[in-house]
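Input: a single structure, listed below in structure tokens.
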């Protein structure tokens, strides 16, 4: 390493060279040096004036004795007060009256949409339009009821969830349990397709009608209009949870169905559950402004 004097810049080199390029031994700019020194001075002053250094069980208080604890406590208390007011509003009226209140909707709909996306969107979709095995919450087909209080009860207690107050619904496996034969199930499929407006085998319709009355009408109602008390879906529309094609209908009747929705009572607060119930109702109903 050879230190040389650069005639052009008037500076000595450091002796380092890379591919013929020699490094000048120029001093650090004064502004950088001053900034560095000021930073050190500021740090020392800060250590002296403000809480800075931890002990084993305490910390230095600083000459100013500054603390943001009271400010934080005030902010938390203010937030808590606002939350209590908000919760009180959600329970100030029966849920059916809240559902029709446009001011309540404007106040809570946005936050409720985030709540729904975080907790319900994975199954029912962020747009509430469902997917295979999970019902659409924006259509006109309801398993129990579209009343706000019934929606809230379903969210609280779940379906086949194991909760003491659960919504319970199970469709018998007519084929697997040898209640009906394959031929009889084909006849039932033809009947269900006929009442839902689908192409069907007319030759199987008469026997399928009789089989439906004997085996299915107790839950799905006469003519397949559904049973809100038992959670049995309407079979006369074009809304399907699992599918309405012949093969899916045959699989449903053969194997049965027992969908599960969890109980949210111990997962979310009552206020959040109420928001969700209102949100589902708002999204599935056109409200007058």
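General observations
- Condition broken by residue 90, with the remaining ones in (1) at pLDDT below 90; (2) in contact with a helix residue (DSSP H, G or I) (Cβ under 8 Å, 6 or more places away or on another chain) satisfied: (1)
- Count of the range 1-56 residues, restricted to those that are out of contact with any strand residue (DSSP E or B) (no Cβ under 9 Å at 6 or more places or on another chain), within 30 Å of residue 68 (Cα to Cα) and either assigned to a helix (DSSP H, G or I) or in contact (Cβ under 8 Å) with a residue 12 or more places away in the chain (or both), is 16.
- Which numbered condition residue 252 misses (of (1) within 18 Å of residue 133 (Cα to Cα); (2) under 30 Å from the mean Cα position of the chain (by Cα); (3) surrounded by fewer than 18 Cβ atoms within 10 Å (Cβ to Cβ)): (3)
- Members of the range 106-160 that are in contact with a strand residue (DSSP E or B) (Cβ under 7 Å, 6 or more places away or on another chain) and crowded, with 17+ Cβ neighbours inside 10 Å: 124, 125, 144, 154, 157, 158, 159
- Restricting the range 198-225 to residues that are under 40 Å from the mean Cα position of the chain (by Cα), in a loop (DSSP other than H, G, I, E, B) and free of Cβ contacts under 8 Å to residues at least 24 places away in the same chain, the residue that is nearest to residue 186 (Cα to Cα) is 200.
- Members of the range 151-172 that are part of a loop (DSSP other than H, G, I, E, B) and either in contact with a helix residue (DSSP H, G or I) (Cβ under 9 Å, 6 or more places away or on another chain) or free of Cβ contacts under 8 Å to residues at least 60 places away in the same chain (or both): 163, 164, 165, 166, 169, 172
The values are calculated or read from the model by the stated rules, or taken from the named source; none is laboratory data. In this text the structure is predicted, and so the values were computed from the model without any measurement. So basically every Cβ, Gly included, is an ideal-geometry build from the backbone, and we count neighbours across all protein chains shown.
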